[in-house]
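Q: Pasting a structure below so you can have a look.
Please treat every number below as a calculation from the coordinates, not as lab data. Computed from a predicted structure; not experimentally measured. With ideal geometry, Cβ positions are generated from the backbone for all residues, glycine too; neighbour counts draw on all protein chains shown.
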Amino acid sequence: MQRQGILNSHIAKVLADLGHTDTICIADCGLPVPEGVFKIDVALDLGVPSFQQVLDIVSTHMKTEAIHIAVEMKDHNPALYQYMEETYPKDAFQWIETNHEAFKEATKQCKCIIRTGEATPYANVILRADCIFSDRP
């Protein structure tokens, strides 16, 4: 048994198996999971755990080179948008400008979707793994 780190064995395994440029999605409880994409469901109740809680914990244990976000987050979830801008480097954001449908299409390439209990609109991101021995922080 681990003494620290992510205790959810499915999430810990996915993170350990990621290679450079592999992607995972952290999602609200309403995002559809495409056929064939592994779903890790940590939702317990509406809002529990929150998107922010899961994102912050996963981000602590995953080296990320890009965060893909649907442009709708700016208008339809301004509090989360502000949190993202205050917490993560702006040069890491890669906005999916077309629409949320394009975001859903991009989830088909993810190694997994971690479903949170979040119940606010457009609380979804795709994290692209960086190389752990690169010179980026």
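Q: Expected output is a single nm value to one decimal: the length gained when fully extending between residue 93 and residue 105, i.e. 0.36 nm times separation in residues minus the C-alpha distance. What is it?
A: Details: separation 12, 0.36 × 12 = 4.32 nm, distance 1.79 nm.
The residue 93-residue 105 span can extend by a further 2.5 nm.
Q: Can you return the lysines within cross-link range of residue 111? Criterion is Cα-Cα under 18 Å, with same-chain partners fewer than 8 residues away left out.
A: 13, 39, 63
Q: Further question: By counting other Cβ atoms within 10 Å of each Cβ, how are 122, 83 ranked from fewest to most?
A: In increasing order of surrounding Cβ atoms, one gets 83, 122.
Q: When DSSP beta bridges are limited to those with both residues in the stretch 23-124, what percentage is antiparallel, rounded to the nearest 5? Write down the numbers at each step before the final one.
A: Details: 1 of 12 bridges.
Bridges in the stretch 23-124 that DSSP calls antiparallel: roughly 10 percent.
Q: Classify the chain as rounded, prolate or oblate from the Cα gyration tensor: take a ≥ b ≥ c as the square roots of its eigenvalues, call it rounded if a/c is under 1.5, otherwise prolate when a/b beats b/c and oblate if not.
A: rounded
Q: Can you list the residues, at least 5 places off or on another chain, whose amide H is less than 5 Å from the amide H of residue 38, using H built in the peptide plane?
A: Correct list: 113.
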